[in-house]
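The values are calculated or read from the model by the stated rules, or taken from the named source; none is laboratory data. All values derive from a computational prediction rather than experimental measurement. Cβ placement follows ideal geometry from the backbone for every residue including glycine, while neighbour counts extend to all protein chains displayed. Keep in mind that these areas ignore ligands, DNA and RNA; they rest on the heavy atoms of the full protein, side chains included. Shrake-Rupley method; radii C 1.70, N 1.55, O 1.52, S 1.80 Å.
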Amino acid sequence: MSDRPFIGARIEDAVHRRLGEVLTRREWKPLLIPFRGYGSQNHIRILARVILAPHEIAEDPSSWYDSDMLVRRGWRNFGAVPAPQVRIEIETGGACIMARTDRLGYLDVRVRNEGLAPGWHDVLLRTEEGRETSAPILVVDSSQTFGIVSDIDDTVISTSLPRGFIAAWNTFVLTEQARQSIPGMARMYQKLLAEHPAAPVIYVSTGSWTTYPFLTRFLRRHGYPTGPMLLTDWGPTNTGWFRSGPNHKRQALRELARDFPNITWLLVGDDGQRDISLYQEFAELQPGHVRAIAIRQLSPTQQVLAHGTAVIMEDDEHAQWVPDPAPLVRAPDGDKLHLLLKDVLS
């Protein structure tokens with residue numbers, strides 16, 4: 001059996017190399033984009049990506065997140081050319097660690113927590129060229145026992161994914177300011193955090209990392225709590241043409257259970273994809289890690305837009321899992337979900 005990466009990954013790497021050569025000749029520079037990470041009082045997880053960008057943006061990375069980008073079309077979020085194998089120096093708590101980006105420019109490393117107390121902190125990242133940026137890290141107190149995991153697509157933002165034409169229009173054509181928030185969801189999270197002030201909120205989605213700046217602006221603009229995001233990449237892997245969205249969510253949930261063994265999670269999703277079966281599977285495999293499951297119900301019209309039928313999507317592959325290993329509530333919006341959760345969480 002060959003050890004060579006899958007042909008799709010080799011083709012993608014070749015395209016990226018060629019584009020990188022062209023852009024470098026046009027004096028594009030590596031842009032270090034930090035993502036929000038998380039950690040415990042034992043270790044922290046640092047997330048970032050290095051892509052090629054015009055010189056003026058590389059010199060002023062803050063422009064990548066500017067609010068004036070609300071009027072740009074969504075397709076521009078997907079034009080990133082990665083900078084692979086870039087050496088990054090990570091400075092935290094007086095200690096310096098060297099790491100490299102992967103073939104798609106991503107940095108995902110866990111390092112020992114060098115004395116960072118619970119709360120938000122900035123970890124310094126530095127390229128070999130001397131460009132620096134700060135990666136926000138949420139350190140969760142070891143005594144914390146409640147947290148929230150939230151899906152994004154059709155849970156906090158209306159996307160009509162994965163219905164092809166509608167999703168493409170919403171994702172690539174609409175301007176950012178035209179995207180709609182799901183009614184009551186931000187209010188529900190705010191109320192839950194008022195009851196559990198130190199609880200972490202972590203967004204787990206099959207969305208692409210290239211949309212991270214847009215999602216950051218969207219969540220802030222609509223009043224959602226600040227939290228780490230665990231996204232994915234839509235391109236080929238070393239084993240196939242496309243990444244598995246469900247497997248990405250499974251892995252993210254397993255890592256959270258491992259990283260925070262004392263936390264029981266409220267898992268929030270929708271019934272337009274496979275959130276119900278994935279969350280119930282996690283509750284069955286990780287007993288004691290799920291406090292409740294909250295599912296935002298799509299209307300029949302939204303169900304048709306999401307997957308072409310008015311019937312709620314079920315995942316036959318996981319039909320063997322126990323129907324309700326954790327309390328499950330369903331409602332069409334955040335306000336109604338919160339009313340149901342008040343009884344369950346109490």
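Brief remarks follow.
- Distances between placed amide hydrogens fall under 5 Å for Ile88 paired with Ala99, Arg100, Thr101, all partners being 5 or more residues away or on another chain.
- Karplus (6.51, -1.76, 1.60) ³J(HN,Hα), θ = phi - 60°, over the stretch 181-195, in Hz, Gly and Pro reported as x: 8, 6, x, x, 5, 4, 5, 4, 5, 4, 5, 5, 6, 5, 7
- Label-point separation, Asp122 to Ser134 (7 Å along Cα→Cβ), nm: 0.2 nm
- ³J(HN,Hα), Karplus 6.51/-1.76/1.60, whole Hz, each residue of the stretch 255-270, x for Gly, Pro: 5, 5, 5, 6, 6, 10, x, 8, 8, 9, 9, 8, 9, 10, x, 9
- Residue ranges 259-271, 140-152 sort as 259-271, 140-152 when ordered by packing (mean number of other C-beta atoms within 10 Å per residue, highest first).
- Highest mean packing comes first when the peptides 83-93, 200-210, 109-119 are listed by Cβ atoms within 10 Å, giving 200-210, 83-93, 109-119.
- Extending 7 Å from Cα along the Cβ direction at Thr145 and again at Ile57 yields two label points whose distance is 4.7 nm.
- Under Karplus coefficients 6.51, -1.76 and 1.60, residue-wise ³J(HN,Hα) of the stretch 126-134 in Hz, glycine/proline x: 9, 7, 5, 7, x, 6, 10, 8, 10
- Multiplying the residue separation of Arg100 and Thr24 by 0.36 nm and removing their Cα-Cα distance gives an extension gain of 25.4 nm.
- Note on Thr216 and Glu89: the extension gain reaches 43.3 nm, defined as 0.36 nm multiplied by sequence separation minus the Cα-Cα distance.
- Nearest-10 value in Å² for the accessible area of Met98, using the 1.4 Å probe: 90 Å²
- Spacing of the modelled spin labels on Gln297 and Asn42, each 7 Å from Cα toward Cβ, amounts to 4.1 nm.
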